[in-house]
Amino acid sequence: PSQLIYGNDGIYRSPRPPLSLPQDPKFSMIPYLFRNLSSISHLPALVDAETGQTSTFSVLRTQVLNFSKALLDLSVSKNDVVLIISPNSLLFPVAFFAVVAIGAIATTANPLYTAAEISKQVKDSDPKLIITIPPLYDKIKHLNLPCIMLTNSTTPSNSNWYNSSDFINKTSLNVLLSDSDFPPVHQDDPAAILYSSGTTGASKGVVLSHKNFIATSMMVTSDQDQAYGEAKNVFLCFLPMFHISGLVAVLFAQLQRGNKVVVMPRYEMEKMLRTIEKYKVSHFFAAPPVIVALAKNQEVVKKYDVSSLREIGSGAAPLGKDVLEECAKVFPQTALYQGYGLTETCGAVSLENAAASSQHSGSTGMLDPGVEARIMDLERMQPLPPLQKGEIWVRGPNVMLGYFKNEKATKETIDDEGWLHTGDLGYFDNEGRIHVVDRLKELIKYKGFQVAPAELEELLLTHPEIKDAAVIGLSDVDAGEVPIAFVVRSSYSSLTEVETKDFIAKQVAPYKRLRKVIFSEEIPKSAAGKILRRELRHRFLSKL
Ligand code: ATP
Ligand code: MG
């Protein structure tokens, strides 16, 4: 199979069936989202896990159009930026779809951001209006921008803001709206500016087009379409909707397919398990911390009936094969698999085919349909065949338009042939699956040898007394850099630094050995599930 996937031109191609993107350039995200409305209008689209409140597809569409109309009335026009800052809720997708329906551009922010962090994003993206929830008003009021509150409250709008409840449930929709009320929207128009997670530095505004969203939604659901046909799946969404993973892979991709999305504001293990049982959830996507927690708390999982679950997907950060297998033990009827993507690729690059294989490879699976890749040797600038490691480059209809108002960064990231240089180190195996080793920037250079933190973290997590772990490089006069670990022990454990170092030393080459182990209460992670290594480094240095 490797021959089919790896061409003579040094390009890897997807073995999945090709994408057939809608040809009409005016078929933008919202018409695409509701293209099958007549057959699914009565089905539930969104369900609030807590209250059980449900919106059908037809209600969702009415709310989106009413919200769009309100935006037009507030003189938001095509290409204006609108900031959405809200936790996951039934109204979040309504707001997001309404913004993109009129050709405006949505930028989303983490509701946990401080006023200063929000200001920074506002300065960069220059929004015309803010959509938020009343408890966050204090953090945005200094910006002096018009504001819509996502709320079910029936108290009237006040002098500071408009309530979404005032307009979204109007039923006189057809009288109010005709096609000519809406600016024409093209597939190549920008739909969103999503800020990357900022794991390696300041986060960048990634401009994604309507086409990026449509293509990605087809990529993400391609295997489901093959495996389950028209069956209606129930997706649980606790991944943040402000991040690419929750917004595209769950919300847009699953709703366009007519699947039901059960919404939770955030991940909490027992609440999640209870929700799976109650709503007979068939699928959820998560980040590695969730998979690790489930693997390490099997007695908790066993208290719930999770037999409805068919698939659990993990992405956003590296996850070891052993942890995946450990987690699979408590979900015997469920396929567990990994996917790989970036904000810059609208969340998609590769995905394991859950239906096709029951064995875990530790890979992130084969390329999504329509995606091409190269593995580049950066020293000799040469594409590499299977089993050789290099920088992962990708090309396809899911690759961003560019970084917002940052030509220089765009040019450095997307080359003249359209290849996006991901900054990730990886390789293809002989079965055509991508293995993401780590970020190039995170590699620890020990006397010229490379140590990938992800490899050591994966090993540490296989220790039964280790609940969580993170590895960083520290400068060292002799070696350049040395790997050190932060380790969270189980409550009963008395594991020592020497024992932890030995546990790793027995399994790796001498240059990869841990030079120091620091026991901690927790490992700082971002909302998207990434280890905040900068914070760990800061913590360590400030204790010296
Ligand atoms: P920034 O670019 O601002 O520093 P970020 O790269 O963390 O932040 P995202 O776009 O959210 O922002 O994350 C994409 C990155 O996440 C990828 O480049 C890769 O390093 C990592 N990643 C995603 N999925 C996986 C996976 N399955 N295995 C390993 N790493 C992954
Ligand atoms: Mg990145």
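Grab the helices (runs of 4 or more DSSP H) fully contained in the stretch 441-544, keeping just those with 1 or more residues being touching a Phe, Trp or Tyr at 6+ places or on another chain (Cβ under 9 Å) and at pLDDT below 95.
533-543
Which residue out of Ala191, Ala215 is among the small types (Gly, Ala, Ser), closer than 30 Å to Pro17 by Cα and in contact with a strand residue (DSSP E or B) (Cβ under 8 Å, 6 or more places away or on another chain)?
Ala191
What do you reckon, is Thr199 within 13 Å of ligand 1 (Cβ to nearest atom), surrounded by fewer than 23 Cβ atoms within 10 Å (Cβ to Cβ) and at pLDDT below 95?
yes
For every residue, the table says whether it meets (1) at pLDDT below 95; (2) hydroxyl-bearing (Ser, Thr, Tyr); (3) touching a Cys at 6+ places or on another chain (Cβ under 7 Å); (4) more than 20 Å from Phe252 (Cβ to Cβ).
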{"position": "Glu344", "(1), (2), (3), (4)": "no, no, no, no"}
{"position": "Val349", "(1), (2), (3), (4)": "no, no, no, no"}
{"position": "Ser357", "(1), (2), (3), (4)": "yes, yes, no, yes"}
{"position": "Gly362", "(1), (2), (3), (4)": "yes, no, no, yes"}
{"position": "Gly365", "(1), (2), (3), (4)": "no, no, no, yes"}
{"position": "Asp368", "(1), (2), (3), (4)": "no, no, no, no"}
{"position": "Glu372", "(1), (2), (3), (4)": "no, no, no, yes"}
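Does the stretch 248-268 include one or more residues that are under 21 Å from Tyr403 (Cα atoms) and within 16 Å of ligand 2 (Cβ to nearest atom)?
Looking for residues that are under 21 Å from Tyr403 (Cα atoms) and within 16 Å of ligand 2 (Cβ to nearest atom), one finds at least one in the stretch 248-268, hence yes.
Are any of the residues in the stretch 300-314 of a type outside the set (Phe, Trp, Tyr) and assigned to a helix (DSSP H, G or I)?
Checked the stretch 300-314: at least one residue is of a type outside the set (Phe, Trp, Tyr) and assigned to a helix (DSSP H, G or I).
Would you please name the residue that is farthest from the chain's Cα centre (by Cα), looking only at residues in the stretch 1-60 that are closer than 19 Å to Ile434 by Cβ and aromatic (Phe, Trp, Tyr)?
Ranking the qualifying residues of the stretch 1-60, first place goes to Tyr6.
Lys170 - would you say it is of a type in the set (D, E, K, R), within 26 Å of the chain's Cα centre (by Cα) and surrounded by fewer than 22 Cβ atoms within 10 Å (Cβ to Cβ)?
Against the criterion (of a type in the set (D, E, K, R), within 26 Å of the chain's Cα centre (by Cα) and surrounded by fewer than 22 Cβ atoms within 10 Å (Cβ to Cβ)), Lys170 does not qualify.
For the stretch 310-327, does any single residue satisfy the condition of being among the aliphatic types (A, V, I, L, M), modelled with pLDDT of 95 or more and away from ligand 1 (no atom under 16 Å from the Cβ)?
No, that holds for no residue.
Is it the case that the stretch 504-514 has a residue that's surrounded by fewer than 18 Cβ atoms within 10 Å (Cβ to Cβ), in contact with a helix residue (DSSP H, G or I) (Cβ under 9 Å, 6 or more places away or on another chain) and of a type in the set (S, T, N, Q)?
yes
The values are calculated or read from the model by the stated rules, or taken from the named source; none is laboratory data. This one's a predicted model, so the numbers in the text were calculated from it and none came from an experiment. Note: ideal-geometry Cβ built from the backbone for every residue, glycine included; neighbour counts use all protein chains shown.
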